[in-house]
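Notes for the one structure printed next.
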Amino acid sequence: MELFFDMLGRLCLFAALGVPGFLLAKWGKIGQEGRGTLVNLLLYVAMPCLVFAGLLETDVRALHAAEWITCALFPALIVAVIGGLGALIFRGEGDRPRLCRFCAAFANCGFLGLPLAQSLFPDRPAVALFISIFNILSTVLLFIIGGAMLSGDGGKQKRNWFRLLVSPLTVATLLGVICSLLHVGQKLPFLITFAEIPAAMTTPLSMTVLGALLATLPKKPWWRESGLWLTALLKLAVAPLCTMGILAFLRSVCKLPIGADASLALLLSTAVSTAASAPSMAEDHGRDPHYAAALTLGNTLLCLLTLPFAYLLFNFIFGT
């Protein structure tokens, strides 16, 4: 249980970083425009630099192709499994069943998973790399499949494919891979230091924004919302259990060389709370944003308790 309490303590400290953002939003010091600025800094500067710095310190030639491919394709697999279960459990075409299916299927792997990897495992930069690979397809599925879940149009809306596929994280990953292959980090070590400075902002920025968002949620008790607990069960328990089961099958039966860092990245990517974009996407598609916000808040708070259990079981099974 020492491992459990160590992870729980780190997560509590991680969550405490959101308190300043929460208080500043309550006091009117951070408004919607301020949150947008912080989000842009996070998405366009801090997170890309985090991935780029990690790649400069990683020899990608030592990473197996199976790890890259598994992390790249895994979002489709987990969304299919959890989305299918959600369709069986949350039946109907109203706002609430649609939002429950959405919140169960899509994780906050970039906005929360990457900062968690940086905060909890700072000496394992490859974990953040694999999460960023996972996040590429996950983001595409979020807008295509997730949008279809909310709108009911079967995903027929026009999409800006270039914008979906070419994100700052994608560009940083590609540039980082090239630099790693050319050993740029060894030849120009000052680049690592340069990238690590904005990368260090990832965790505080992420939690400040999350705290500010939580301060804007309605005061209605989130724990009374119907569907919350089943949604959290699927998102925070079934999804990581499925991830561990699939990983055990791929590693033991298929004998794929999926290492500890890639496995841990997949766990963090699927065990974190629901996508933070749920309320805004709900509003964009004409669904109830307040209900989506309650599901998001409940998932985020419950994640602090479920993630240590998931990591404890993961460590027991894989010993990583």
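The values are calculated or read from the model by the stated rules, or taken from the named source; none is laboratory data. Computed from a predicted model, the values in this text were never measured in an experiment. Every residue, glycine as well, gets a Cβ built from its backbone with ideal geometry; the counts of neighbours run over all protein chains shown.
One table, with the values for the structure above:
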{"read-out": "Count of residues meeting criterion [modelled with pLDDT of 90 or more, buried (at least 24 other Cβ atoms within 10 Å of the Cβ) and not charged (D, E, K, R)] in segment 83-126", "value": "9"}
{"read-out": "Given (1) among the aliphatic types (A, V, I, L, M); (2) farther than 22 Å from G84 by Cα; (3) surrounded by fewer than 16 Cβ atoms within 10 Å (Cβ to Cβ), index of the condition L264 fails", "value": "(3)"}
{"read-out": "Residue check for K255: out of contact with any strand residue (DSSP E or B) (no Cβ under 8 Å at 6 or more places or on another chain), at pLDDT 90 or above and basic (K, R)", "value": "yes"}
{"read-out": "Residues (among the small types (G, A, S) and within 18 Å of the chain's Cα centre (by Cα)) located in segment 213-245", "value": "A232, A237, A239"}
{"read-out": "Single residue of L210, L228, L313, L247 found to be under 28 Å from D6 (Cβ atoms), buried (at least 16 other Cβ atoms within 10 Å of the Cβ) and modelled with pLDDT of 85 or more", "value": "L247"}
{"read-out": "Given (1) farther than 17 Å from S119 by Cα; (2) crowded, with 21+ Cβ neighbours inside 10 Å; (3) modelled with pLDDT of 90 or more, index of the condition A72 fails", "value": "(2)"}
{"read-out": "Condition met for A104 (more than 12 Å from S269 (Cα to Cα) and under 20 Å from the mean Cα position of the chain (by Cα))", "value": "yes"}
{"read-out": "Evaluation of R35 against (1) crowded, with 16+ Cβ neighbours inside 10 Å; (2) at pLDDT 90 or above; (3) within 20 Å of the chain's Cα centre (by Cα); (4) more than 30 Å from L181 (Cβ to Cβ) (one fails), failing number", "value": "(2)"}
{"read-out": "Yes/no for L305 being under 19 Å from A15 (Cα atoms), within 21 Å of the chain's Cα centre (by Cα) and assigned to a loop (DSSP other than H, G, I, E, B)", "value": "no"}
{"read-out": "Which numbered condition T58 fails, given (1) among the polar types (S, T, N, Q); (2) surrounded by 17 or more Cβ atoms within 10 Å (Cβ to Cβ); (3) assigned to a helix (DSSP H, G or I)", "value": "(3)"}
{"read-out": "Verdict on R101 being farther than 24 Å from P289 by Cα and charged (D, E, K, R)", "value": "no"}
{"read-out": "Residue in segment 186-193 that is closer than 25 Å to S119 by Cα, in contact (Cβ under 8 Å) with a residue 40 or more places away in the chain, touching a Gly at 6+ places or on another chain (Cβ under 9 Å) and surrounded by 12 or more Cβ atoms within 10 Å (Cβ to Cβ) present", "value": "yes"}
{"read-out": "Test for L24: is it buried (at least 17 other Cβ atoms within 10 Å of the Cβ) and within 22 Å of the chain's Cα centre (by Cα)", "value": "no"}
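For every residue, the table says whether it meets (1) farther than 30 Å from L55 by Cβ; (2) touching a helix residue (DSSP H, G or I) at 6+ places or on another chain (Cβ under 6 Å).
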residue	(1), (2)
F249	no, no
L264	no, yes
L268	no, yes
A282	yes, yes
Y311	no, yes
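Conditions tested, residue by residue: (1) in a helix (DSSP H, G or I); (2) among the hydrophobic types (A, V, I, L, M, F, W, C).
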site: I69; (1), (2): yes, yes
site: I78; (1), (2): yes, yes
site: G83; (1), (2): yes, no
site: E93; (1), (2): no, no
site: A104; (1), (2): yes, yes
site: G113; (1), (2): yes, no
site: S138; (1), (2): yes, no
